[in-house]
Amino acid sequence: MGAVLICEQEQAKTPYYIESMGIRLYSMEELAYFLYQNIYLVDKRMLGVRLWDWIRTEIGNGELAERLKKGFEAGSSLQNMVLTILRSIHYYTPEELEQLSAKMKILNTYQEQERLKLRADEYFINGNYQAAVYEYEKILNIRQSERLGVDFYAHVWNNLGVCLTRLFLFGRAAKAFRTSYQYRKDPDVLKEYVCAMRLGLPEEDFEEAMELQNIRGEQLEFFTEEYDRLVEESGEHLKVPEDLAERLYELEREYYRNTRYA
C-alpha cells in the first residue's frame, strides 16, 4: 500500500479544468500528480495563461504564476516549465523528478510524429476518442518520415479506425482500416475493415463492396462469421434495459466523455 500524501495548501474553490481529459484539479498537489502521470499529454497550451491565472487567483501563488508567465514568454522549454511547477510543491522526491526529467529528455529526441502518437495513444487508452482522432490525423497531415517505417503508419491508421468505429463513424473507419492494411498486410486489420463496412452498409451494398474489393469466397465467409459471432457475443449490450431513461442518460454522458476535446 502506498503512503498517504497530505496536501499542504487549501483546495481551490474553482478548479482548474482540463477539457481534453474531463478532469478538475482543486490543488497544486493534484496538478503535480496530473503532470507527472500524464506527461505525454502535456503541452504548452495546458501551461498557458489560464493556468497562470488559476495559480494566481485560486491558489494565491502569484510568484509562481509570474515565473511561469515570464518563462513562457521567453520561450522556456516544456520540460523547464513542468519542473518549475513540480519543484514548487514538494510532492515528488528529487529522485522521482530526475526520472521524469530523463523521460522528457528522451521525448525531445523523438520526431514530432512519434510524440503525437504517444499523446494520441494516451487519449485512446483513456477513452477520449475524439481527441485521439485529432492527434492521429495531425500525424497523417505531416510529411511521412521514412525513418519511422511502414509499421508506424499502419499502426496509426489502425488506431484511427478503431477510434472512428467507437464514434460510430463506420465509413471513415473502414477507409482507415483499408489504408492500414495497404501499409501492412495484417489479416486482423482486414477483418476490422470488413466489420466496419458491414456495420456501415446495407447488406446488398456490403456484398457489392466486398466483390469490388476482391474479398469473396471462403475469406468473406470467414469474416462474416466472425462478424456474426461478435454481434452474438454483444447481445447482452444490445438488449433494451429496464430503465431506458437512466441507460440513455448514461450513454449520453459516456458519449460526451469520449468526444470532448479542448
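The values are calculated or read from the model by the stated rules, or taken from the named source; none is laboratory data. Worth saying up front: this structure is predicted, and the values here are computed from it rather than measured. Backbone-built Cβ (ideal geometry, glycine too); neighbour counts: all protein chains shown.
Only one entry in Glu135, Glu112 is surrounded by 13 or more Cβ atoms within 10 Å (Cβ to Cβ), out of contact with any Cys (no Cβ under 7 Å at 6 or more places or on another chain) and more than 19 Å from Tyr33 (Cβ to Cβ), namely Glu135. Scanning region 133-186 for residues that are among the small types (Gly, Ala, Ser) and either touching a residue at least 12 places away in the same chain (Cβ under 8 Å) or more than 18 Å from Glu114 (Cβ to Cβ) (or both) gives Ser145, Ala154, Gly161, Gly171, Ala173, Ala174, Ala176, Ser180. Only residues that are out of contact with any Ser or Thr (no Cβ under 9 Å at 6 or more places or on another chain) and crowded, with 18+ Cβ neighbours inside 10 Å were counted in region 48-61, giving 3. Considering the conditions (1) surrounded by 13 or more Cβ atoms within 10 Å (Cβ to Cβ); (2) touching a residue at least 60 places away in the same chain (Cβ under 8 Å), Glu96 is excluded by exactly one of them, (1). Say whether the condition of being modelled with pLDDT under 95 and of a type in the set (Ser, Thr, Tyr) is met by at least one residue in region 129-136. There is at least one residue in region 129-136 that is modelled with pLDDT under 95 and of a type in the set (Ser, Thr, Tyr). Residue count for region 167-216 satisfying the condition of being assigned to a loop (DSSP other than H, G, I, E, B) and among the basic types (Lys, Arg): 3.
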